[in-house]
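Right, one structure below, let's go through it.
The values are calculated or read from the model by the stated rules, or taken from the named source; none is laboratory data. Computed from a predicted structure; not experimentally measured. Heads up, the Cβs are rebuilt from the backbone with ideal geometry, glycines too, and the neighbour counts pull from every protein chain shown. In case anyone asks, the SASA skips ligands and DNA or RNA and just uses the protein heavy atoms, side chains included. Shrake-Rupley method; radii C 1.70, N 1.55, O 1.52, S 1.80 Å.
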Amino acid sequence: MPSLTSLANPTRFLALSGAILPWAAAAAALLFAIGLVMALVTSPPDYQQGDSVRIMYVHVPSVTLAMGCYTAMAISALGTLVWRHPLADVSAKAAAPLGAAFTFLGLVTGAIWGKPMWGTWWVWDARLTSFLVLLIMYLGLMALWRAFDDPARAGRIAAVLILVGFINIPIIKFSVDWWNTLHQPASILRLGGPSIHSSMLWPLFVMMAAFAALFVWAWLAAMRAEIYRRRVRTAELVAAHPTALEPRTA
Amino acid sequence: MTITEAFPALKLKAQDLACSRGGRFVFSGLSFELASGALMAVTGPNGAGKSSLLRLLAGLLRPTAGDIACEGRREDEPAAHYLGHLDALKPAMTLAETLRFWGAIYQQGRVLTDSDLNEAAESVGLGHAIDLPVGVLSAGQRRRAALARLILSPRPLWLLDEPFAALDSQGESLLRRLMGDHIGRHGLIVAATHQALPIPPDTTLTLSTT
Amino acid sequence: MISFLAIVRQTVRLELRAGGGAAVALIFFLAVVTAVPFGVGPDLKLLARIGPAILWVAALLAALLGLDRLFGADREDGSLDLIIVSGEPLALYALGRAVGHWLATGLPIVVAAPILGLLLNLDPPAMGAVALTLLAGSPALTLIGTVGAALTAGLPRGGLLIAILVLPLTVPVLIFGVSATSGALSDPEPFLAPFLFLCACSLAALALAPFVAAAALRLALE
């Protein structure tokens, strides 16, 4: 098998993702147009929180995607380590900055929402704290990828860390909850919950779908960029060692 | 310590081996067979994959394609000694501690005694230095200390990467003798080298970059 | 078993001899504990209250020190290659290095913590509580650090990266460690529950970390 494994089936992926990309972009634009109107105009203000409740329509989808993105990375990591699928580590690497961005967005919107609610930008609330730890983990993973020259080796090592983190995140969440209840008796107003009214639920659903479409679009685009980046690298290697791609016998 | 019994018959087989490093092929379609009591020289210019081939045989790299088999040996039984470019010595440890450590790692179901260690050090001409920290040894002495590991525990397959590099003339004759003894005991040696071996090899595998 | 003990013994010796990290970790621990009062002021009441937490954070930071050499040195000098070729189970090797590292750096910190507690105006029960919780929790810190060390072995500047990778993973250990310590000292807060969680962290790390570290070392080599 003379063809390099790193080039084996990305070609088909590039064709497929190229076809999906414009549809994902269009879906995201449409859903955002509808969702933002619903969230900012047609949905009612909260009887307690007033208009500041509207930040929930950005906050909740960000937070959901921040966690969903890590799950996607964990599945990709399994793909790298167990099935050695060449696209799996591209997928994990492309998802990491997106996960970090959504986590950051979740933290910032949480802080902005907290200012009028709690009178302070930041409280060491269990959720905020867990997400801060999650953000550090995303950033650490990105730093780990950057530290290696060889993308294949970086992918395998990062996959191990992703899985370690995946086991650890529930433990961290549990410990932070424990720590929080110990130090701060639950007095904080919580967002969401099952009692949310349908006039707020529908805008939230639409915004969730809009964020999901945006995520799919950005993820595919980042994966394509990573594949092209690796092709450039391979082309450079071939330029330096012209015979490297041809099978040869001793 | 001196174990003179012969090794059981072994056959090292490589079939259609391919190795790629960092996204490019180093070599591919490589096949050979080596039977007990034979020395194979692996030659070729720099970058031809001599070191990669030895690391494949040692199990330090996974082949991109092809198989390596060692017939006549149980799958889980470690068979090889690997001597790379690096000496794997800790400057702060004395030679005796170093040998005792590797003796325990390579243990063959018995603990090495002080006289075993002395004998191993003597046989590489470092008997006087056994209680010195490895850090004070010269480059040639350190290379010989690395050679002492080969005789610390008997293993049939020796994978030697540029074994004669950085050896003084005394060390060279020592290694020549060790290799001769090993072949005489029906051991197998695969030696990567870019110069002619002082012992005539039974077969030569030439890797090329073109 | 012989090979495992040999690895532990070699690790301890290397840490204790010239060029090793045991003394550095202990001095760093002392330096961090000394630095905090300069930051928060010499109020003895305040120091007595946050003293156990200071000791725990300092122990966490000191545990991260020197991890980059744990496998990095073996990779650079070729020892790791020989260990793999020798057929020694890689997880056992990783565990041996971790145990040796803990004996040389973790255990001295556990012993030194109550003594440094004097500087922080801790009373004897608080000193005992800190030492006990550190004894139960510091193995988890070292073992989680071992995973970070294995992930970054062979990187030129792995030390900084290890700290970033390992710190978020050690959050539960820190939380349960400090909770158990304050639980032992003040009545309304529970002691046994966080202490048992702390022990669970160490045991789980003991069961998993050597295998994860071994997998990372092997994957980095290919």
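Annotations
- When segment A:95-128 is filtered for residues that are surrounded by 19 or more Cβ atoms within 10 Å (Cβ to Cβ), within 14 Å of chain C (Cβ to nearest Cβ) and farther than 18 Å from A:Gly68 by Cα, only A:Ala126 remains.
- Summed over segment B:142-173, residues that are part of a loop (DSSP other than H, G, I, E, B), open to solvent by 10 Å² or more (accessible area, probe 1.4 Å) and farther than 17 Å from B:Trp102 by Cβ total 6.
- When B:Ala69, B:Ala41, B:Ala104, B:Ala48 are checked against the criterion of being part of a strand (DSSP E or B) and either buried (at least 20 other Cβ atoms within 10 Å of the Cβ) or among the β-branched types (Val, Ile, Thr) (or both), a single residue qualifies: B:Ala41.
- Take the conditions (1) touching a residue at least 12 places away in the same chain (Cβ under 8 Å); (2) more than 13 Å from B:Leu12 (Cβ to Cβ); (3) not β-branched (Val, Ile, Thr); B:Leu56 misses just one of them, which is (2).
- Every residue from segment B:27-38 that is surrounded by 18 or more Cβ atoms within 10 Å (Cβ to Cβ) and either touching a Phe, Trp or Tyr at 6+ places or on another chain (Cβ under 8 Å) or facing another protein chain (nearest Cβ under 8 Å) (or both): B:Phe27, B:Ser28, B:Leu30, B:Ser36
- Set C:Ile27, C:Ile83: member being open to solvent by 20 Å² or more (accessible area, probe 1.4 Å) and among the hydrophobic types (A, V, I, L, M, F, W, C): C:Ile27
- Set A:Val206, A:Val176: member being assigned to a helix (DSSP H, G or I), within 22 Å of the chain's Cα centre (by Cα) and modelled with pLDDT under 90: A:Val176
- Some residue of segment B:111-121 being more than 13 Å from chain C (Cβ to nearest Cβ), in a helix (DSSP H, G or I) and in contact with a His (Cβ under 9 Å, 6 or more places away or on another chain): yes
- Total residues in segment B:27-38, condition under 18 Å from B:Met179 (Cβ atoms) and not in a loop (DSSP other than H, G, I, E, B): 2
- With respect to the conditions (1) buried (at least 24 other Cβ atoms within 10 Å of the Cβ); (2) in contact (Cβ under 8 Å) with a residue 60 or more places away in the chain; (3) away from chain B (no Cβ under 14 Å), C:Tyr93 lacks only one, and its number is (3).
- In the set (1) open to solvent by 20 Å² or more (accessible area, probe 1.4 Å); (2) more than 30 Å from A:Ala143 (Cα to Cα); (3) more than 9 Å from chain A (Cβ to nearest Cβ), C:Phe197 fails one condition alone, (3).
- Count of segment B:174-196 residues, restricted to those that are basic (Lys, Arg) and either more than 20 Å from B:Glu122 (Cα to Cα) or buried (at least 18 other Cβ atoms within 10 Å of the Cβ) (or both), is 1.
- Pairs, first part of a helix (DSSP H, G or I) in segment A:12-39, second aromatic (Phe, Trp, Tyr) and open to solvent by 70 Å² or more (accessible area, probe 1.4 Å), C-beta under 7 Å, six or more apart: A:Leu21/A:Trp217; A:Ala24/A:Trp217; A:Ala25/A:Trp217; A:Ala28/A:Trp217; A:Met38/A:Trp202
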